[in-house]
Each structure stands twice: as structure tokens, then as C-alpha cells.
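K.L.:
The structure follows.
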Amino acid sequence: MNLFDVYPLFDLTLVKGNGSEVFNEKGDKYLDFYGGHAVISIGHNHPHWVERLQYQMNEGISFFSNSVKLPIQNELAEKLGKTSGYDDYSLFLVNSGAEANENAIKIASFHTGRKTIISFSGAFHGRTSAAVAATDNKKIKALVNPDDHVIFLPLNDKKALDKTFAENEVACVIIEPIQGVNGIYEATPEFLQQISQRCKEYGALFIADEVQCGYGRSGKFFAHQWAGVLPDMITTAKGMGNGFPIGSVLIAPHIQAWYGMLGTTFGGAPLACAAALAVLEVIEKDNLISYTEKIGNYLIEEIQQLPGVKEVRGKGLMIGIEMQYPIKELRNQMMSKFNILTGNSSNPNTIRLLPALNITQKQAEEVLDAFKALCQ
Ligand SMILES: Cc1ncc(COP(=O)(O)O)c(C=O)c1O
């Protein structure tokens, strides 16, 4: 059987990972500045992550459905609440970013009895039905994914936001505090504050999609925390499990659950919880959030000075480098000449850097040297 051919692949075969280094089948080493698409938060095969998973398999339970008590789920909820500053929220565990957003949007609709969603130009929220409807990309919507209940507004347009609230019964606003797939564009603090305020005034729910920008990546645990707002729901995935599939919805205390409202077979599986606990423990022990801000600022300042760079966007280790020209060749050369992996975005001129939060100063310098050599 062949794989269903939906992914255009780089000519690169990876067989091993260690920290921010990955290796091909010949043993050649590559520096991963893409974090496997913002997923690798504490480094490939981090020893504590491996140990936590092995312990769960050797001494604990690997899987049971959500019909029994699984204390490791409560342990994760407690740790995530404390680390993120959302102690009083509840946690619904899922398997991916799309599933997290799908459930958050459903919760908003159940809670408000409404269906209109406000989303933004360039938004990416996933490929399942409610999530893809709120995604600004017609190409990935099938006929079974209607989006006539979604209103797309320009990012950071306060007037359009006010007008839309005044004219519609809005169920929720879903926003990436820092847009990822679109090429790293930030929602301004004032815009996030306005969303929060309007949602309260009109009885709608504010969903922060932190699937890519959350989990310490921006230099705060959640990127919306730079704006001092409290969303009604926060969705997570990617960096949460460091490669073990897990996602979640953090849900404000005023939103009521009822039996049967949501459900999933695999969500909250003990192995996934063990991986997620390992990530939080390493983030805390190694002080990775403040380190991310520091090393991210260093990279941003240095990259801004390179020839050919039009703009550097982002925060912490979520960095978009917009060049004055398409980046395809530059990215290929980063890989073929310097063995450095970077990401692209839907903006053809923008490279994305989304490395593990514990990249070393030496690795950062190695990437800067490669950029310096190529951006002449
Ligand atoms: C902001 C954001 N939301 C949701 C998703 C979807 O996550 P997943 O691919 O895990 O379904 C992504 C994936 O890139 C994302 O960047």
C-alpha cells in the first residue's frame, strides 16, 4: 500500500532525533530550527520525556477510555493550571489542534445557542468541519464544510469588529494571538482587549487559538498573556506533547459542562498525559519561558540587520523573517549547504523559525552565520 499522496516532501529522510539535532539514514546531522512544525518544544527525545513515557508504560497504564478515573489526567490539569496561570479553568483533553478548536467552537455554540463565528484574514484553525470553516483558505474546504456562518474580518480592524458585533448575534471570536501559518502576524494588545470586551458586552465567547503560539513559544506561557486578556477558552496542541499527539481546551469557570456534551476515545490517554507532564516539568525546571524570550530577542535583533530582510515579525521563538524576495531558494540552501531546517508559510517571502525552546546560544549563532553567508 502507498501513502495517500497529499504532502509535497523535501528530499530528506529522518531516522533519529536528539535535542535540536535530527539525523538522516546516513547519519548526517541537521539542525532543526522548525521544531517539526512548532511541535518539538523541549527537544527531540528529551531524556525526561523518554523516562516519563517509559515509566508510564512500565509501571502505569498505557490506555483506558474516558469511562474510568485516570489520575494522571488530573495531575496534568493541575500542573497546566499552575504553570499557565489558569488554575480556575477546566481542561478538556483531545488529540490535535483541529480537534481542540472544533470542540471550543462547539462549546461556544452550545453555551450561547448561536452559530455566527468571527474569524480573521489569514487565520488557520485546522482541517475538521468547524475549525476549517473558521480557516481563511477556500482551497482546503470541501462542500461538506460550509462557512456561511463565519465572518472573516481584517486582523486588528477594531471598527470592523464593532460593526460586526452590532449587526450579528455572535457565538464566538476565534483568533490566533500570533498567526502562524499565515507568516507570523501579531494581533495587537489593544485588538485582543477589544475582542475580550465586546465578547463580554454581547454575550459571545472569546477563543484564543494557542495551538502554535502557546506553550512558552512567545516568551510567555500563552501569547495572549502579553495583552493581559482572559479568553473564555484557550486551545493548545503542538508543543504540548513534544511530538506525542495531545491537544486541549482550557475552559473558563463560567462555562458549564454536562454529561455527553463532548467526548473522544483517545483524548486524555495516559501516555499522552505523561508526555505533556514531562514537557511542563522541563519548561519549569529549565526556566524555558524566560530563556525563550531572551534568545528569541537576540535572534530577532541580529536577523533584522541582515541584507535583503524586509521585516522580522514575532516574539520569542516564533519568528517570521520576510525577505525582499521569495524564500524558496534561501530555504533550500539553508538545508543543502548548512544542514539547517527552517519552515515556510503561506507568504512566499517569509521563512518561519519555530525551534525547540531550549536551543543553545551556539545553535542560534550557527543559524545566524548561515543566514549571514546566504543573505549577501
Ligand atoms: C494556529 C493553529 N491552529 C490549529 C492548527 C491545527 O492543528 P493540527 O494540525 O494539530 O490539527 C494549527 C496547525 O498548524 C495551527 O497552527
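The values are calculated or read from the model by the stated rules, or taken from the named source; none is laboratory data. Please read all numbers here as calculations on a predicted model, not as lab measurements. FYI the Cβ positions are ideal-geometry reconstructions off the backbone, even for glycines, and counts take in every protein chain you see.
K.L.:
Return the pairs, sorted by first residue and then second, in which the second residue is surrounded by 21 or more Cβ atoms within 10 Å (Cβ to Cβ) and of a type outside the set (Phe, Trp, Tyr), the first residue lies in region 84-95 and is in contact (Cβ under 8 Å) with a residue 40 or more places away in the chain and outside the structural domain of PHE222 (by TED's automatic domain parsing), the beta carbons are less than 7 Å apart, and the residues are 6+ apart or on different chains.
P.N.:
Close Cβ pairs (under 7 Å, with a partner that is surrounded by 21 or more Cβ atoms within 10 Å (Cβ to Cβ) and of a type outside the set (Phe, Trp, Tyr)) do not exist here.
K.L.:
What tally of residues in region 197-248 results from selecting those that are among the small types (Gly, Ala, Ser) and more than 23 Å from ASN156 (Cβ to Cβ)?
P.N.:
8
K.L.:
Here is a check on your reading of the model: is PHE33 buried (at least 21 other Cβ atoms within 10 Å of the Cβ), under 28 Å from THR13 (Cβ atoms) and aromatic (Phe, Trp, Tyr)?
P.N.:
Yes: the conditions hold for PHE33.
K.L.:
Additional query: Could you grab the pairs with beta carbons closer than 7 Å, sequence gap of 6+ or different chains, first residue in region 208-222 and touching a residue at least 24 places away in the same chain (Cβ under 8 Å), second one away from the ligand (no atom under 12 Å from the Cβ) and charged (D, E, K, R)?
P.N.:
SER218/LYS315; GLY219/GLU293; GLY219/LYS315
K.L.:
Within 30 Å of TYR7 (Cβ to Cβ), in contact with a strand residue (DSSP E or B) (Cβ under 9 Å, 6 or more places away or on another chain) and surrounded by 21 or more Cβ atoms within 10 Å (Cβ to Cβ) - does that describe any residue in region 72-89?
P.N.:
Checking region 72-89: not a single residue is within 30 Å of TYR7 (Cβ to Cβ), in contact with a strand residue (DSSP E or B) (Cβ under 9 Å, 6 or more places away or on another chain) and surrounded by 21 or more Cβ atoms within 10 Å (Cβ to Cβ).
K.L.:
While we're looking at this one, here's another question. Mind listing whichever residues of region 189-232 are assigned to a loop (DSSP other than H, G, I, E, B) and farther than 28 Å from ILE42 by Cα?
P.N.:
GLY203, ALA204 - these are the residues of region 189-232 that are assigned to a loop (DSSP other than H, G, I, E, B) and farther than 28 Å from ILE42 by Cα.
K.L.:
Turning to a different aspect of this structure: Report yes if TYR55 is touching a residue at least 60 places away in the same chain (Cβ under 8 Å) and surrounded by fewer than 20 Cβ atoms within 10 Å (Cβ to Cβ), otherwise no.
P.N.:
Values: touching a residue at least 60 places away in the same chain (Cβ under 8 Å): yes; surrounded by fewer than 20 Cβ atoms within 10 Å (Cβ to Cβ): yes.
Yes, satisfied.
K.L.:
Enumerate the pairs (first residue in region 101-113 and within 17 Å of ALA208 (Cα to Cα); second residue anywhere and part of a helix (DSSP H, G or I) and within 16 Å of the ligand (Cβ to nearest atom)) with beta-carbon separation below 8 Å, excluding pairs fewer than 6 apart on the same chain, so at least 6 apart or on different chains.
P.N.:
Going by the 8 Å Cβ cut-off, the qualifying pairs are ASN101/ALA130; ASN101/ALA131; GLU102/SER129; GLU102/ALA130; GLU102/ALA131; ILE105/ALA130; ILE105/ALA131; LYS106/ALA130.
K.L.:
Out of the residues in region 200-218 meeting the condition of being surrounded by 24 or more Cβ atoms within 10 Å (Cβ to Cβ) and more than 16 Å from the ligand (Cβ to nearest atom), tell me which one is nearest to THR292 (Cα to Cα).
P.N.:
Keep residues of region 200-218 that are surrounded by 24 or more Cβ atoms within 10 Å (Cβ to Cβ), which gives 204-218.
After this cut, where a residue has to be more than 16 Å from the ligand (Cβ to nearest atom) as well, the list is 204-205.
On the way: ALA204: 33, LEU205: 30 Å.
That would be LEU205.
K.L.:
Follow-up. Just checking, which of LEU357, LEU330, LEU368 is in contact (Cβ under 8 Å) with a residue 40 or more places away in the chain and in a loop (DSSP other than H, G, I, E, B)?
P.N.:
LEU357
K.L.:
Additional query: Restricting region 155-187 to residues that are more than 15 Å from the ligand (Cβ to nearest atom) and under 21 Å from TRP226 (Cα atoms), which is surrounded by the most Cβ atoms within 10 Å (Cβ to Cβ)?
P.N.:
LEU161
K.L.:
LYS294 versus (1) part of a helix (DSSP H, G or I); (2) surrounded by fewer than 23 Cβ atoms within 10 Å (Cβ to Cβ); (3) touching a Ser or Thr at 6+ places or on another chain (Cβ under 7 Å): which is the lone unmet condition?
P.N.:
(3)
K.L.:
Within the group GLY243, GLY260, which residue is part of a loop (DSSP other than H, G, I, E, B) and free of Cβ contacts under 8 Å to residues at least 12 places away in the same chain?
P.N.:
GLY260
K.L.:
If you don't mind, another one. Suppose the filter is touching a Ser or Thr at 6+ places or on another chain (Cβ under 7 Å) and either hydrophobic (A, V, I, L, M, F, W, C) or on the phi < 0 side of the Ramachandran plot (or both); does ALA160 pass it?
P.N.:
no
K.L.:
With respect to GLU99, is the statement that it is over 21 Å from the mean Cα position of the chain (by Cα), assigned to a helix (DSSP H, G or I), modelled with pLDDT of 95 or more and on the phi < 0 side of the Ramachandran plot true?
P.N.:
When the stated conditions are applied, GLU99 does not pass them.
K.L.:
Only one of (1) within 16 Å of the ligand (Cβ to nearest atom); (2) surrounded by 21 or more Cβ atoms within 10 Å (Cβ to Cβ); (3) not hydroxyl-bearing (Ser, Thr, Tyr) fails for ASN137. Which number is that?
P.N.:
Only one criterion in (1) within 16 Å of the ligand (Cβ to nearest atom); (2) surrounded by 21 or more Cβ atoms within 10 Å (Cβ to Cβ); (3) not hydroxyl-bearing (Ser, Thr, Tyr) is unmet by ASN137, namely (2).
K.L.:
Pairs under 9 Å by beta carbon, first residue more than 18 Å from LYS106 (Cβ to Cβ) and touching a residue at least 40 places away in the same chain (Cβ under 8 Å) in region 150-178, partner in a helix (DSSP H, G or I) and among the small types (Gly, Ala, Ser), six or more apart or different chains?
P.N.:
Between residues of region 150-178 that are more than 18 Å from LYS106 (Cβ to Cβ) and touching a residue at least 40 places away in the same chain (Cβ under 8 Å) and residues that are in a helix (DSSP H, G or I) and among the small types (Gly, Ala, Ser), the close pairs are GLU176/ALA223; PRO177/ALA223; PRO177/ALA227; ILE178/ALA223.
K.L.:
Anything in region 114-144 that is part of a loop (DSSP other than H, G, I, E, B) and either modelled with pLDDT under 95 or among the aliphatic types (A, V, I, L, M) (or both)? List them, or say none.
P.N.:
Just the residues of region 114-144 that are part of a loop (DSSP other than H, G, I, E, B), to begin with: 114-115, 121-128, 134-137, 141-144.
Residues satisfying the conditions are ALA123, ALA134, ALA142, LEU143, VAL144.
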